[in-house]
Amino acid sequence: MAASPSKTHLSLFTFLSFFLIIQARLILNRSDLKALSIIQKDLGLNCQHYLSTKPCNSPGVICERRLSDNHTYELRVTRLVFKSQKLAGFLSPSIGQLSELKELSLSENQLVDQVPSQIVDCRKLEILSLQNNKFSGDIPSELSSLIRLRVLDLASNKFSGDLSFLKYFPNLENLSLADNVFTGKIPASIRSFRNLRFFNISGNEFLEGSMPMINRGEYSESDVPKRYMLAESPTKSSNNSTNASASSHKASISSAPAPSPSASPHHHKNNKRKLAGWILGFLAGALAGSISGFIFSLIFKLLLAVVRGRVKDAGPAIFSPLIKKAEDLAFLEKEDGLASFELIGKGGCGEVYKAELPNSNGKMIAIKKIVQPPKDAAELTDEDSKLLNKKMRQIRSEINTVGQIRHRNLLPLLAHVSRPDCHYLVYEFMKNGSLQNILEEVSNGTKELDWFARHKIALGVAAGLEYLHFNHSPRIIHRDLKPANILLDDDMEARIADFGLAKAMPDANTHISTSNVAGTVGYISPEYHQTLKFTDKCDIYSFGVMLGVLVMGRLPSDQFFQETQEMSLVKWLRNVMTSDNPRQAIDSRLMGNGFEEQMLLVLKIACFCTLDDPKQRPNSKDVRCMLSQIKQ
């Protein structure tokens, strides 16, 4: 018996109603809900319609149905699109909990801080667009584990560090890193991004090397997915039409007798024409691609030369929240920006000025001005070129170290301002100056530095070294540790400064070789002098010399040591510490305070740190522990 039309419609209506009710009852995964709430709050989305009871109905939040672990359906967040929302927060580490996320678009906002390393947990991410924000710091090195990425847009931020995160992106189509402060070499691994169609690294003045040529010709057309083909060639269209016509014709005469042999020559002739067309098209495409690549490479090299010779004004790179906006450093854009400020220091790298940071309630900053020769590249002498390269290396080193890391015993780089004729490095101002200046004033009798303060300084420097050698990856070797590079804040807390010669040493390396010795005479370890190879034990040697300086009150360059038989602070200290009267090494201004035994212990640590065999020297962690065990 046939069902009536009305019953059929009623059954269909009932089924659809049931389906819609099931859909309406789907709820957002609990983990996604919690993570989304944190992410929205940290981004600065505080409006009621964003933090609603139905988050999947919020603007910019897209959810899709997924099968849960208990085989029921639930909603999962798959896309977050918050473009041009004037957001001023930061990207929460909770982003890594959105395991089904396919798109994260936060362009055209004012978001700050680093991209959290948890972003690599979003394994299904296809689009990551952070363009035109205020993000800074390094890009997580494991970003290449997101192999589904098709769009990676990090342009117009303050990202820094090298491009080591560009390892393997087999599906990447659009890559934009323009207008950041990336450093190092452009990795050759970019050549392996077979689907890459757009690539922009302009505006990164510290990048080195030329852009790797991406050889499109090494893949056959069958290897390239259809969605990447920009246009079909006329020849191909013609051939497709021919093939379609032939197929149609073949279908219509399937029951007819086979064609006569006379049709065969025409068929072979047509195949030869198609083959010739393919070969000609391939050769023309390869030639055009090679010429275009050569021209693009030449233009890129010329632009890079211009950027290196005359660094463009790209605005300040801000590394600290102490500087809330770029406008606070606008005075450095003027020709006479530092004319009215106090000159507090001058060295081989440049001059240092003291200034008040605008809109900071009296916060004082120190500004190092590094001048580059106002000449064209053709007019530079060899000496000018070497000096310019040295200064640029020091700027890069500062940005790559204290521009990115924070520790209470390291002097942080607050900002970098680039001008056509010079560079400005902005730091916190240290009220009590350098340890060397303090020791000179003590020697002249114009200032006192008791044992408590000296021990605190030694312990602070040791803590800073421990962080550089053990808690930061890769390890950082300072290479120029001396009293002049130890600054003292308002509380006489030591801050290690001047990272112009610092080097990052990969964890797998046992040493780094150089072409020449860098550092200051009297503080350089003997093995570095002899082999041109340095390790963290070279910093320990320098620290040992500085410990001796703190207790003895004499610098290695002091005339006193030139008149001794040893003619060396380290050798003289060794001999005195093994003599019958080791207390003669202690600064006479510290004698009689009851802490002579503690000072002798510190001098023994100094001797331990300056042993000729670097393997017998303690590491920075051991030194910090020994100093902290000396009770006061």
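The values are calculated or read from the model by the stated rules, or taken from the named source; none is laboratory data. Note that this is a predicted model, so its numbers are computed, not measured. Please note: Cβ atoms are built from the backbone with ideal geometry, for glycine as well, and neighbour counts cover all protein chains shown.
The table below lists the values:
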{"item": "Residue match in region 500-518 (condition: among the hydroxyl-bearing types (S, T, Y) and in contact with a Phe, Trp or Tyr (Cβ under 8 Å, 6 or more places away or on another chain))", "result": "yes"}
{"item": "Only one of K571, K537 that is buried (at least 19 other Cβ atoms within 10 Å of the Cβ), at pLDDT 90 or above, over 20 Å from V442 (Cα atoms) and more than 24 Å from the chain's Cα centre (by Cα)", "result": "K537"}
{"item": "Residue within region 75-92 that is in contact with a Gly (Cβ under 6 Å, 6 or more places away or on another chain), touching a residue at least 12 places away in the same chain (Cβ under 8 Å) and farther than 23 Å from L152 by Cβ present", "result": "yes"}
{"item": "Within region 122-148, considering residues that are part of a loop (DSSP other than H, G, I, E, B) and either among the hydroxyl-bearing types (S, T, Y) or in contact with a helix residue (DSSP H, G or I) (Cβ under 8 Å, 6 or more places away or on another chain) (or both), the one nearest to I62 (Cα to Cα)", "result": "L125"}
{"item": "Looking only at region 194-218, and only at residues there that are closer than 18 Å to F300 by Cα, among the polar types (S, T, N, Q) and over 18 Å from the mean Cα position of the chain (by Cα), the one that is modelled with the lowest pLDDT", "result": "N215"}
{"item": "Members of region 50-95 that are under 18 Å from N29 (Cα atoms), surrounded by 17 or more Cβ atoms within 10 Å (Cβ to Cβ) and small (G, A, S)", "result": "S58, S94"}
{"item": "Within region 574-595, tally of residues that are part of a loop (DSSP other than H, G, I, E, B) and either crowded, with 17+ Cβ neighbours inside 10 Å or of a type in the set (G, A, S) (or both)", "result": "6"}
{"item": "Restricting region 150-193 to residues that are part of a loop (DSSP other than H, G, I, E, B) and of a type in the set (S, T, Y), the residue that is nearest to the chain's Cα centre (by Cα)", "result": "S164"}
{"item": "Flag if A497 is without any contact (Cβ under 8 Å) to a residue 24 or more places away in the chain and either buried (at least 17 other Cβ atoms within 10 Å of the Cβ) or outside the structural domain of L411 (by TED's automatic domain parsing) (or both)", "result": "no"}
{"item": "Number of the condition not met by E108 [criteria: (1) in a loop (DSSP other than H, G, I, E, B); (2) within 23 Å of G161 (Cβ to Cβ); (3) not aliphatic (A, V, I, L, M)]", "result": "(2)"}
{"item": "Test: residue in region 468-475 that is surrounded by fewer than 21 Cβ atoms within 10 Å (Cβ to Cβ), in contact with a Gly (Cβ under 7 Å, 6 or more places away or on another chain) and either β-branched (V, I, T) or not in a helix (DSSP H, G or I) (or both)", "result": "no"}
{"item": "Counted residues, region 170-197 - those being of a type in the set (A, V, I, L, M) and on the phi > 0 side of the Ramachandran plot", "result": "0"}
{"item": "The one condition in (1) exposed (fewer than 13 other Cβ atoms within 10 Å of the Cβ); (2) in contact (Cβ under 8 Å) with a residue 60 or more places away in the chain that G553 fails to fulfil", "result": "(1)"}
{"item": "Subset tally (residues that are modelled with pLDDT of 55 or more, farther than 17 Å from L425 by Cβ and among the aliphatic types (A, V, I, L, M)) for region 356-386", "result": "0"}
{"item": "Failed condition for L175, given (1) under 21 Å from G44 (Cα atoms); (2) surrounded by 18 or more Cβ atoms within 10 Å (Cβ to Cβ)", "result": "(1)"}
{"item": "Among the candidates G519, G548, residue that is under 29 Å from V426 (Cα atoms), buried (at least 18 other Cβ atoms within 10 Å of the Cβ) and small (G, A, S)", "result": "G519"}
{"item": "Among the candidates R574, R617, residue that is touching a residue at least 60 places away in the same chain (Cβ under 8 Å), at negative phi and touching a helix residue (DSSP H, G or I) at 6+ places or on another chain (Cβ under 9 Å)", "result": "R617"}
{"item": "Index of the failed condition, A453 passing every other in (1) free of Cβ contacts under 8 Å to residues at least 40 places away in the same chain; (2) touching a Lys or Arg at 6+ places or on another chain (Cβ under 9 Å)", "result": "(2)"}
